[in-house]
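J.: Handing you a structure now.
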Amino acid sequence: MKHSVPILCVSLALFASTVAARLPAPAPTPEAQAKAAEAAARTAWVGKTDSYKLCVAQDNVAAKYRASATAAGKTVPAATATPACTDPGPFVYVAAEPAKPLEASGAHSPATTAASPPSTAAPAATTNPTPKP
């Protein structure tokens, strides 16, 4: 009896750990996929907007530095050529068109293949003879 209690506890712990295993996540619905795609597009737009604001701020700081340095009589080196800041504009999301099923997309067999089946009138014994031992 003394040895059966620890064995029982260990087996119960192992069983409980297998029961508590994570189940796979359910398949996402089309609505959830559309929401996720819109959220990803909005996140990308926010990143572009933040990059634009940073670019404008850096240009302003560089312009103020050049103005103060030339006012103080310092020699200012030539500015490095950088691409202009591009404003991403307001957020506009255009949902992607859902994929067509194979039947509607024209991916099926050509009409000539479908009209003539691959079967023949010859018996299987003549097309695939098996040697007798």
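Where a number appears in this text, it was derived from the coordinates with a stated rule and is not lab data. Keep in mind that this is a model prediction, so the values were computed, not measured. As a convention, Cβ positions derive from the backbone with ideal geometry for all residues, glycine included, and neighbour counts pool all protein chains shown.
J.: Given the Cα-Cα distance of Ala99 and Thr126 and 0.36 nm per residue of separation, how much length would full extension add, in nm?
T.: 5.1 nm
J.: Let me ask another. For Ala34 and Ala63, FRET efficiency with R0 = 35 Å and r from the beta-carbon atoms, rounded to 0.05?
T.: For R0 = 35 Å, the calculated efficiency reads 0.20.
J.: Here's something else I'd like to know. Using the 10 angstrom Cβ neighbour count as an exposure proxy, how do Leu23, Leu54 rank, fewest first?
T.: The most exposed by this proxy come first: Leu23, Leu54.
J.: Using r as the Cβ-Cβ distance of Ser4 and Ala27, and R0 as 35 Å, what FRET efficiency do you calculate, to the nearest 0.05?
T.: 0.20
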